[in-house]
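**Student:** I'd like to ask you about the structure that follows.
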Amino acid sequence: MKQGEAKKMVEAIKEKLEEGCEYDYFGIRFEDKDREIGEICEASKHNPDRDDYREFPEFGTSGYDELETLEGTSCWNLEGDDWLASFWSYNKTPEEKLAIMADHCYVIAGDDSPQFEDRDPNEILITDAVVIAKIF
């Protein structure tokens, strides 16, 4: 998938959400796990001591399991236009190819967004986040 294609898909989803939706918070989430629409996401782990926000222990390893569990699922806030900067910087690519850092990208939503220290710019948590769209 190309960056422009993904952007168009997310913008179309944002338009539908602005027309009215049952949720209060929305975000973009990258991960390797293949999810279905309607699936509830697990709470994220927190690794504030890393140098680069893309560095994270592999899921299922002892390094991952030892990390603090947050009160929701981490994602890039979809409100406003800041998600675009997060979206592209996460993938760190000037090329057209998008799926570099993760196998999948989702739009997730929920009704509660707890605050937490050491969050990345434009990062939010969504409690009991549900997958409402699959970008790739």
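The values are calculated or read from the model by the stated rules, or taken from the named source; none is laboratory data. The shown structure was predicted, so the numbers you read here are calculated from the model rather than taken from an experiment. A quick note on method: Cβ atoms are made from the backbone with ideal geometry, for glycine too, and the neighbour counts reach across all protein chains shown.
**Student:** May I ask you to list the residues in segment 94-119 that are in a loop (DSSP other than H, G, I, E, B) and modelled with pLDDT of 75 or more? Lay out the reasoning, then the answer.
**Tutor:** Taking segment 94-119 first, the residues in a loop (DSSP other than H, G, I, E, B) are 94-96, 98-103, 111-119.
Residues satisfying the conditions are Asp103, Asp111, Asp112, Ser113, Pro114, Gln115, Phe116, Glu117, Asp118, Arg119.
**Student:** Considering segment 17-48 alone, what residues qualify as being more than 20 Å from Asp103 (Cα to Cα) and surrounded by fewer than 13 Cβ atoms within 10 Å (Cβ to Cβ)?
**Tutor:** Glu18, Glu19, Gly20, Cys21, Glu22, Asp24, Pro48
**Student:** Here's something else I'd like to know. Does Phe56 qualify as being of a type in the set (A, V, I, L, M, F, W, C), surrounded by 16 or more Cβ atoms within 10 Å (Cβ to Cβ) and touching a strand residue (DSSP E or B) at 6+ places or on another chain (Cβ under 9 Å)?
**Tutor:** Values: of a type in the set (A, V, I, L, M, F, W, C): yes; surrounded by 16 or more Cβ atoms within 10 Å (Cβ to Cβ): no; touching a strand residue (DSSP E or B) at 6+ places or on another chain (Cβ under 9 Å): yes.
So Phe56 does not fit the description; no.
**Student:** Next question. Pairs, please: C-beta under 9 Å, at least 6 apart or cross-chain, first residue on the phi > 0 side of the Ramachandran plot and in segment 121-136, second at pLDDT below 90?
**Tutor:** Matching pairs, first to second residue: Asn122/Trp76; Asn122/Asn77; Asn122/Gly80; Asn122/Asp82; Asn122/Trp83; Asn122/Ala85; Asn122/Ser86; Asp128/Asp112.
**Student:** OK, next. Residue by residue through segment 120-132, note down the ones that are loosely packed, with under 15 Cβ neighbours inside 10 Å and either among the aliphatic types (A, V, I, L, M) or modelled with pLDDT of 80 or more (or both).
**Tutor:** Passing the criteria: only Asp128.
**Student:** From the list Glu71, Glu55, Glu79, which residue is in a loop (DSSP other than H, G, I, E, B), of a type outside the set (Gly, Ala, Ser) and at pLDDT below 70? Steps first, please.
**Tutor:** Numbers: Glu71 fails: at pLDDT below 70; Glu79 fails: at pLDDT below 70.
Step by step, each of Glu71, Glu55, Glu79 is checked, and only Glu55 is in a loop (DSSP other than H, G, I, E, B), of a type outside the set (Gly, Ala, Ser) and at pLDDT below 70.
**Student:** Across segment 10-24, what is the number of residues that are in contact with a Cys (Cβ under 9 Å, 6 or more places away or on another chain) and either without any contact (Cβ under 8 Å) to a residue 24 or more places away in the chain or not β-branched (Val, Ile, Thr) (or both)?
**Tutor:** Qualifying residue count for the region: 0.
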